[in-house]
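Q: One structure is given below, represented as structure tokens, and several questions about it will come after.
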Amino acid sequence: MSCHDEDCTTDHGPAGQSKLESFLFSCELSSKVPFYTFQGDEEEDLEHFLELRTICLGEGAKEESNVVEVTAMNHQGKTVSVPIANLHISCLPMVSLGEFELKAPVTIRLKAGTGPVTVSGLHLIASEVEESDNMSDDDDDDEDEEEEITPIKPAKKKQQ
């Protein structure tokens, strides 16, 4: 199994009092490594999400069904397992999930088949932006704007 959390950060700034960073995510499932569990850091002010985008069969996949399921918590806090893809090399080697977002922890499992199956998407990290951070950023922006603006002098009238 290979798992990548490569840095491709996107800062969305203090919109709505939160900051969102995104990192590339992928893992490979096979008969040797049939599951991967995505977990976030234990920091209190951070929320980790896994946004699944694509699931595809890898090189060397056999003529068989490869069923991928995810296990995560539902809105009631209960663990739920749901199949999200049934791939076959001859008719459906890849599926696009759009922006299928799950809150950590999430387990991705190769329920049937031998793979290899690559699951890819984004690791999203949401953090709260403190009120004092917002204030200082806004103040800095105002100061920059004032320094950059030069006063406009009135034009002198020509004497005839």
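Q: Please list, in order along the range 50-64, the HN-Hα scalar couplings obtained from phi with the Karplus expression 6.51 cos²θ - 1.76 cosθ + 1.60 (θ = phi - 60°), rounded to whole Hz, x for Gly and Pro.
A: So the J values, rounded to whole Hz, are 10, 9, 7, 10, 9, 9, 9, 6, x, 4, x, 5, 8, 6, 7.
Q: Here's something else I'd like to know. Applying the Karplus parametrisation 6.51 cos²θ - 1.76 cosθ + 1.60 with θ = phi - 60° to the phi angles of the range 27-32, what ³J(HN,Hα) value in whole Hz is obtained for each residue in order, glycine and proline being reported as x?
A: With the stated coefficients, the range 27-32 comes to 8, 10, 10, 7, 5, 6 Hz.
Q: Starting from the amide H of residue 89, placed 1.01 Å from N in the peptide plane, find each other amide H under 5 Å away whose residue is 5 or more places distant or on another chain.
A: Close amide H contacts, sequence-distant or interchain: 64.
Q: Step through the table entries 19/103; 32/111; 62/103, compare each Cα-Cα distance with 22 Å, and write down the pairs that go over it.
A: Over 22 Å Cα-Cα: 62/103.
Q: If you stretched the chain out fully between residue 99 and residue 76, how much longer would it get, using 0.36 nm times the residue separation minus the C-alpha to C-alpha distance?
A: 6.1 nm
Read-outs throughout are calculated quantities, based only on the coordinates presented, and are distinct from any laboratory measurement. Because the structure is predicted, anything quoted here is derived from the model rather than measured.
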